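Asker: Could you have a look at this structure, given as structure tokens, before my questions?
The values are calculated or read from the model by the stated rules, or taken from the named source; none is laboratory data. Please read these numbers as outputs of a predicted model, since none were measured by experiment. Counting neighbours? That spans all protein chains shown, and the Cβs are built from the backbone with ideal geometry, glycine included.
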Amino acid sequence: MLKNAGNGLRVVAAAALLASPVAIRAADAPLWELGAGFGAVAFSDYRGSDSSSVYPVPVPYVVYRGRFLQADREGVRGVLLKQPRAELNISVNATTPVDSDGSEARAGMADLDPAIEVGPSLNLRLWTEATGRSRLELRLPVRGAFTVSADPEWIGWQALPQLNLDIRTASQWNVGLLAGPIFANREYARYFYDVPPEAATAARPAYRAVGGYAGSQLLLSTSRRFEKLWFGAFARYDDLHGAAFLPSPLVRQRQSWMMGFGVAWIFAQSSARVALPD
């Protein structure tokens, strides 16, 4: 596992995002497709960290178009309800571990375990362009989180209301723009931003984080499928101005960028085909 991946879906989510397949709009498509490739990501060690890393990453390309379980450009999810203008999914996310020895701000503190986040997401379609090439959605995911360790620990929840705009250009490029605030309860904020008294130093006073507004994010992504080859790239901007945990000494900067690209070769697909929604 890569070190210093930090809060949020850093390396793992970057690979998943880079592996996002093209939003094909045809009469039907294979039930599943598989591929693999490579890419690179540059990111802050965690939201608010003043140190960053660049890593090569594997890029898995996995598409599954089942009636309940789906894995595509919107991630891995279970579809509970699907209507023309509304969809209720099971939303899944993950955070990667933080090696405190590799983080100046967290030096001497306990490492952070990776975590899994699971919860419902209500997606409401607000607008669809006449040709179907563009659409605007309001996404309302709420996810509870627990650590992945020998003794799993509940670490709270996050709510991430988002406006998501998808555009498919005439040249077959897919462009996505997602933006929205982040809210976290006290337990979630404390897991990442608390400084317990025993870890306090002259330069890092003890701090007890509170829940509430946790900043905002803006994500821009693009991808295209070329026969058996897929290419994608993304840039994400995080802004912590006004975040409830901003006074934490672990927050060294209020803005950060995460960027990456990936290339994947699609080498297998099912003979079974399924109808695609409009």
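Yes/no per residue for (1) under 23 Å from GLY156 (Cβ atoms); (2) touching a helix residue (DSSP H, G or I) at 6+ places or on another chain (Cβ under 6 Å):
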{"site": "GLY176", "(1), (2)": "no, no"}
{"site": "TYR188", "(1), (2)": "yes, no"}
{"site": "TYR191", "(1), (2)": "yes, no"}
{"site": "ALA199", "(1), (2)": "yes, no"}
{"site": "ALA209", "(1), (2)": "yes, yes"}
{"site": "ARG225", "(1), (2)": "no, no"}
{"site": "ARG254", "(1), (2)": "yes, no"}
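Asker: Look at segment 234-271 and say how many of its residues are of a type in the set (Gly, Ala, Ser) and more than 16 Å from ILE182 (Cα to Cα). Full working, then the answer.
Answerer: Just the residues of segment 234-271 that are of a type in the set (Gly, Ala, Ser), to begin with: 235, 242-244, 248, 256, 260, 262, 264, 268, 270-271.
Among the residues that remain, those that are also more than 16 Å from ILE182 (Cα to Cα) are: 235, 248, 260, 262, 264, 268, 270-271.
Total satisfying the criteria: 8.
Asker: Still on this structure: Restricted to segment 197-213, and to residues that are assigned to a loop (DSSP other than H, G, I, E, B) and free of Cβ contacts under 8 Å to residues at least 40 places away in the same chain, which residue is farthest from the chain's Cα centre (by Cα)? Full working, then the answer.
Answerer: Initially, segment 197-213 is screened for residues assigned to a loop (DSSP other than H, G, I, E, B), giving 200-206, 208-211.
So of that shortlist, the ones also free of Cβ contacts under 8 Å to residues at least 40 places away in the same chain come out as 200, 202, 206, 208-210.
Values: ALA200: 31, ALA202: 35, ALA206: 30, ARG208: 26, ALA209: 23, VAL210: 23 Å.
Taking the candidates together, the pick is ALA202.
Asker: Hey, another quick one. Given the conditions (1) among the charged types (D, E, K, R); (2) touching a Phe, Trp or Tyr at 6+ places or on another chain (Cβ under 9 Å); (3) within 27 Å of ARG190 (Cα to Cα); (4) modelled with pLDDT of 80 or more, and given that GLU33 satisfies all but one, which numbered condition is not satisfied?
Answerer: Going through the list (1) among the charged types (D, E, K, R); (2) touching a Phe, Trp or Tyr at 6+ places or on another chain (Cβ under 9 Å); (3) within 27 Å of ARG190 (Cα to Cα); (4) modelled with pLDDT of 80 or more, GLU33 breaks only (3).
Asker: Sticking with this structure for a sec: Which one of the conditions (1) over 20 Å from LEU112 (Cα atoms); (2) at pLDDT below 95; (3) among the small types (Gly, Ala, Ser) does ALA150 fail to meet, given that it meets all the rest?
Answerer: Here ALA150 clears every test but (1).
Asker: Could you please find all residues in segment 102-139 being among the small types (Gly, Ala, Ser), crowded, with 16+ Cβ neighbours inside 10 Å and under 29 Å from LEU88 (Cα atoms)?
Answerer: ALA115, GLY119, SER121, listed by residue number.
Asker: Modelled with pLDDT under 80, among the charged types (D, E, K, R) and within 28 Å of LEU34 (Cα to Cα): is that true of ARG133 in this structure? Give the derivation first.
Answerer: On the way: modelled with pLDDT under 80: no; among the charged types (D, E, K, R): yes; within 28 Å of LEU34 (Cα to Cα): yes.
Criteria not met by ARG133.
Asker: Restricting to segment 253-269, count the residues that are over 19 Å from ASP50 (Cα atoms) and not β-branched (Val, Ile, Thr).
Answerer: Count: 7.
Asker: If I ask for residues that are in a loop (DSSP other than H, G, I, E, B), crowded, with 17+ Cβ neighbours inside 10 Å and small (Gly, Ala, Ser), which ones from segment 224-255 would you list?
Answerer: ALA243, ALA244, SER248
Asker: Here's something else I'd like to know. Among the listed residues SER221, SER216, identify the single one that is surrounded by 17 or more Cβ atoms within 10 Å (Cβ to Cβ), in contact with an Asp or Glu (Cβ under 6 Å, 6 or more places away or on another chain) and assigned to a strand (DSSP E or B). Steps first, answer last, please.
Answerer: Working: SER221 fails: in contact with an Asp or Glu (Cβ under 6 Å, 6 or more places away or on another chain).
Residue meeting the stated conditions: SER216.
Asker: Follow-up. Quick one: ASP28 ticks every box in (1) of a type in the set (Asp, Glu); (2) at pLDDT below 80; (3) over 14 Å from the mean Cα position of the chain (by Cα) bar one, so which box is it?
Answerer: Status for ASP28: all satisfied but (2).
Asker: Exactly one of (1) under 25 Å from ASN174 (Cβ atoms); (2) modelled with pLDDT under 70 is unmet by LYS3. Its number?
Answerer: (1)
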